[in-house]
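Report on one structure; see the data block that follows.
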Amino acid sequence: MSRGLFPSLETWLKLSVLPPIGAAVIRTLAWSMHIETRGQEHVDGLYRAGQRVIIAFWHARQLMMPLTYRGTLAHILISQHQDGEIIARIVERFGFKTVRGSSRRGGMEALRELIRLGRAGVDLVVTPDGPRGPAHVAKMGGIQLGRASGLP
C-alpha cells in the first residue's frame, strides 16, 4: 500500500463514518437526557410574531444545538476547516443548513451570506466564542450580524 493512500483513507473515514456516528450519539443523548429550557418565552414570542432570530451557542456546545432548537429553519456558521466539514455533515443530518467561513478563512463571504439569509427570513446560528476562544467570551461578530441583518 502506498503512503499516499492513508491521508485519503483517513479523510474518507472522517467525512463518511464520523457524521452518522456523531448524529447517532446526539440522538442517543437526546433520548437519555432531560433538557430544561429557561427563558424561552421571549424567543417563542418572536416566532409567534413571525420573526426570525440569531441564536448563539458556545463553541463547545454547538453539536447539542439540534436538541434545543425551537424554530423551523436555521443556517449555522461553521468553519471551512476539515473538522468544520465533519460538524457540518452532522448538523445537516438534523435538517440544518450551513454557511461555511470563519475569521481566518472565508469570513467576509460567510458574513454576507448570513446577512442575506437573515433578511430572507431564516434563523442564524453562530458560535460567539469561536474555536480559538477564549471559551465563553463573546466576540463582536454576532452583534455585527444582528445589526446588519436586523435580527434580534
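A few points about this structure:
- Top-ranked residue in region 54-71 [being in contact with a strand residue (DSSP E or B) (Cβ under 8 Å, 6 or more places away or on another chain) and assigned to a loop (DSSP other than H, G, I, E, B); ranked as surrounded by the fewest Cβ atoms within 10 Å (Cβ to Cβ)]: GLY71
- Put simply, of ILE21, ILE76, ILE26 the only residue that is β-branched (Val, Ile, Thr) and either assigned to a loop (DSSP other than H, G, I, E, B) or in contact with a strand residue (DSSP E or B) (Cβ under 8 Å, 6 or more places away or on another chain) (or both) is ILE76.
- Filter pass, VAL137 being among the β-branched types (Val, Ile, Thr) and open to solvent by less than 60 Å² (accessible area, probe 1.4 Å): no
- Out of ILE76, ILE87, one residue alone is touching a helix residue (DSSP H, G or I) at 6+ places or on another chain (Cβ under 9 Å), within 27 Å of GLU36 (Cβ to Cβ) and open to solvent by 20 Å² or more (accessible area, probe 1.4 Å). It is ILE87.
- The C-beta contact set for region 127-152 (first residue closer than 20 Å to GLY71 by Cβ, second residue in a loop (DSSP other than H, G, I, E, B) and among the charged types (D, E, K, R), distance under 9 angstrom, 6+ apart or interchain) comprises PRO128/LYS139; SER149/ARG52; LEU151/ARG52; PRO152/ARG52.
- The residue of region 79-91 that is farthest from THR28 (Cα to Cα), among those that are touching a Ser or Thr at 6+ places or on another chain (Cβ under 7 Å) and assigned to a loop (DSSP other than H, G, I, E, B), is GLN80.
- Members of region 114-134 found to be over 15 Å from the mean Cα position of the chain (by Cα) and open to solvent by 70 Å² or more (accessible area, probe 1.4 Å), listed by number: ARG116, ARG119, ALA120, ARG132, PRO134
- Applying the condition of being surrounded by 15 or more Cβ atoms within 10 Å (Cβ to Cβ) and not hydroxyl-bearing (Ser, Thr, Tyr) to region 98-113 and asking which residue is farthest from GLY71 (Cα to Cα) yields GLY106.
- Cβ separations smaller than 9 Å between residues 6+ apart or across chains give the following pairs from region 64-85 residues that are in contact (Cβ under 8 Å) with a residue 60 or more places away in the chain to residues that are among the hydroxyl-bearing types (Ser, Thr, Tyr) and in a helix (DSSP H, G or I): GLN82/THR11.
- Taking (1) touching a residue at least 12 places away in the same chain (Cβ under 8 Å); (2) assigned to a helix (DSSP H, G or I); (3) closer than 23 Å to ALA24 by Cβ in turn, PHE94 satisfies each apart from (2).
- If you go through region 36-53 and keep only what is under 19 Å from ALA120 (Cα atoms) and assigned to a loop (DSSP other than H, G, I, E, B), you end up with ALA49, GLY50, GLN51, ARG52, VAL53.
- Residue check for MET33: under 28 Å from GLY121 (Cα atoms) and surrounded by fewer than 18 Cβ atoms within 10 Å (Cβ to Cβ): no
The values are calculated or read from the model by the stated rules, or taken from the named source; none is laboratory data. Just so it is clear, the structure is predicted and the values come from calculations on it, not from any experiment. Note that each Cβ is placed from the backbone with ideal geometry, even for glycine, and that neighbours are counted across all protein chains shown. The area values use the complete protein model at the heavy-atom level, side chains included, leaving out ligands, DNA and RNA. Shrake-Rupley method; radii C 1.70, N 1.55, O 1.52, S 1.80 Å.
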